[in-house]
Structures are given as C-alpha cells and as structure tokens.
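K.L.:
Please find one structure pasted underneath; my questions will follow.
The values are calculated or read from the model by the stated rules, or taken from the named source; none is laboratory data. Note that this is a predicted model, so its numbers are computed, not measured. Cβ coordinates were reconstructed from backbone atoms using ideal geometry, including for glycine residues, and neighbour counts include every protein chain displayed. Remember, those area values only see protein heavy atoms, side chains included, never the ligands or the DNA or RNA. Shrake-Rupley method; radii C 1.70, N 1.55, O 1.52, S 1.80 Å.
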Amino acid sequence: MSSLSRPPVAIVAAMHEELGALLALMPDEQRVRVAGRDFWVGHLHGRPVVAVLSRIGKVAAAITATVLLERFGVRAIVFTGVAGGLAPGVNVGDVVVATQMLQHDLDASPIFPKYEVPLMGLSRFAADAAIGDALAAVARETLRDPVALVGQEAVDEFGLRSPKVHRGLLVSGDRFVSTTAESEALQRALPDALAVEMEGAPVAQVCHDYGVPFAAMRTISDRADDAAHGDFSRFVAAVASRYSLALVDAWLASLPAEIS
C-alpha cells in the first residue's frame with residue numbers, strides 16, 4: 001500500500017504524451033517502480049492519485065491494473081487514451097465514455113459462446129455509471145470550445161468543428177484495427193460497438209474481479225479503416241493528450257470533497 005492517507009484514484013494513460021501532461025499538474029509526484037513500470041503517486045486538486053502508463057495490449061494493461069489494486073489499493077481506475085471509431089457518427093475528435101467493455105478477439109467457441117470469458121459467464125463488463133456520467137458531463141462542457149482546448153491549428157488540421165461525446169460499448173483486442181475490411185467486419189459482428197482499442201476490456205475484467213469501479217474515456221483518433229495510418233503521433237500530441245488532461249483535471253476538480 002502507498003502512504004497516502006486515503007485510497008487513491010488511479011489514472012491510467014495509454015500514451016506517454018498523456019501521462020507526461022498529467023504529471024506536469026501533480027505538485028508532489030513520487031515514482032514507485034513495480035513490475036517494470038513507473039507508478040507516480042501524488043495529488044491532483046488535493047485528491048490522492050496514482051498515475052501510470054498502461055503499456056500496449058491486453059496482458060500489459062491487465063498487469064498494470066492488478067498492481068494498482070494489489071500494491072496501491074486504489075478505489076477506482078479511470079482509463080484514458082485513444083480509439084478508432086466504428087459506429088456511424090463516431091468521428092475523429094469525438095470522445096467515447098464507455099458503458100460496457102468487451103474483448104472482440106476472445107473466442108473459446110464452441111465450448112463457450114463467442115466473446116464470453118471462460119468460466120465467468122460474461123462477455124461484457126459494465127463500467128461504473130456514476131463515474132461515466134461525471135466524465136461525460138465534463139467532456140460535453142469542455143468540448144464546447146475546441147479552439148480553446150487544442151488551438152485553431154489543430155482544429156483546422158483534424159477537422160474538429162463540433163466534437164461530440166458518445167456513451168456505449170467499447171471493444172478491445174490485441175491488434176491495431178487499421179483496414180476498412182477489419183472495421184466493417186467488427187461493425188457487422190458487434191453493431192452496437194462505438195469504438196475499438198487495445199486495453200480497456202481486460203482492465204474492466206480485473207476491476208470486476210476485485211469489485212472496484214472502472215471507467216474508460218477514449219478520444220477518437222481515426223475511423224479504424226484504411227486511413228488509420230495518418231499522423232497518429234501528431235494527433236496524440238496536439239489533440240488527445242490535451243483532451244485527456246483537460247477532462248481528467250475537470251473531473252477530479254468536480255468531485256465532492258467528502259468522497260475525494
């Protein structure tokens with residue numbers, strides 16, 4: 001356990017740029033190295049937090065989540081990063097706040113139904129509704145003025161005219177979905193999936209096993225199609241990292257003092 005007086009909230013970032021921006025706001029962060037990972041223990045808005053880079057892929061993210069729960073005793077995990085849009089109308093610059101998570105590449109059929117986690121009887125893991133509602137609310141308010149958030153140059157470059165906030169299913173898998181054929185196949189198989197990424201569902205599963213709230217908030221960086229090979233690094237630096245920082249900061253600042 002950490003030495004923080006109250007159980008901390010974990011903020012898990014998927015990209016180095018996002019984590020660096022978050023650490024710049026923490027006045028007292030201290031590094032604790034566990035399982036080859038740097039966990040940054042400190043405060044934001046006076047609230048105890050642990051910030052960490054998830055690493056890429058399902059196993060890496062699950063290990064990170066387990067260490068957060070076992071070593072640091074976090075009371076909730078909030079995951080922020082980027083994703084590829086799947087559903088119609090989920091566009092670059094939008095934000096998806098998960099209501100459920102599913103592993104789209106998990107298939108133990110015919111022994112178990114496709115997508116179902118063996119021996120659990122579940123394929124979808126619910127995100128925490130209260131945290132999700134609060135994140136969606138601050139996202140809607142923050143995205144009202146994208147120029148103030150990321151600057152005119154980024155708005156023009158990525159077409160961020162009217163970014164929207166979506167709630168629904170996020171799906172995870174151990175591959176970067178970057179062809180139109182793959183994207184369309186996922187849409188046919190999981191028509192209610194809003195976006196696809198590589199880490200959230202296993203973290204949700206770990207949190208389910210431990211009985212700890214989980215939430216995920218993803219910025220749409222591409223449409224998971226043949227055009228997904230655009231300037232990804234530029235988007236993360238210019239847009240996604242600023243989104244994540246602003247939304248996490250606003251959410252923590254909005255928490256009532258008695259539950260922080």
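K.L.:
Considering each residue of region 3-28, count those that are within 22 Å of LYS58 (Cβ to Cβ) and open to solvent by less than 90 Å² (accessible area, probe 1.4 Å), and give that number.
P.N.:
Matching residues across region 3-28 total 9.
K.L.:
Another one. Does any residue of region 60-68 turn out to be open to solvent by less than 30 Å² (accessible area, probe 1.4 Å), part of a strand (DSSP E or B), hydrophobic (A, V, I, L, M, F, W, C) and within 22 Å of ASP209 (Cα to Cα)?
P.N.:
In the first step, residues of region 60-68 are kept if they are open to solvent by less than 30 Å² (accessible area, probe 1.4 Å); the result is 60-62, 64-65, 67-68.
After this cut, where a residue has to be part of a strand (DSSP E or B) as well, the list is none.
Scanning region 60-68, I find no residue that is open to solvent by less than 30 Å² (accessible area, probe 1.4 Å), part of a strand (DSSP E or B), hydrophobic (A, V, I, L, M, F, W, C) and within 22 Å of ASP209 (Cα to Cα), so the answer is no.
K.L.:
Taking ILE56 as meeting all but one of (1) open to solvent by 50 Å² or more (accessible area, probe 1.4 Å); (2) in a strand (DSSP E or B); (3) of a type in the set (Val, Ile, Thr); (4) farther than 21 Å from GLY132 by Cβ, write down the number of the exception.
P.N.:
Unmet condition: (2).
K.L.:
Listed residues ARG124, ARG140, ARG161, ARG167; which is within 21 Å of the chain's Cα centre (by Cα) and free of Cβ contacts under 8 Å to residues at least 40 places away in the same chain?
P.N.:
Only one candidate passes the filter, namely ARG140.
K.L.:
Please work out if GLY211 is within 30 Å of GLU70 (Cβ to Cβ) and free of Cβ contacts under 8 Å to residues at least 60 places away in the same chain.
P.N.:
Criteria met by GLY211.
K.L.:
Could you list, in sequence order, the residues of region 29-39 that are under 26 Å from ALA250 (Cα atoms) and open to solvent by less than 60 Å² (accessible area, probe 1.4 Å)?
P.N.:
VAL32, ASP38, PHE39
K.L.:
Pull up region 116-137, narrow it to residues that are among the aliphatic types (A, V, I, L, M) and open to solvent by 40 Å² or more (accessible area, probe 1.4 Å), then point me to the one that is nearest to SER233 (Cα to Cα).
P.N.:
Filtering region 116-137 for residues that are among the aliphatic types (A, V, I, L, M) and open to solvent by 40 Å² or more (accessible area, probe 1.4 Å), the one nearest to SER233 (Cα to Cα) comes out as ALA137.
K.L.:
Quick one: MET101 ticks every box in (1) crowded, with 21+ Cβ neighbours inside 10 Å; (2) at negative phi; (3) touching a Pro at 6+ places or on another chain (Cβ under 7 Å) bar one, so which box is it?
P.N.:
(3)
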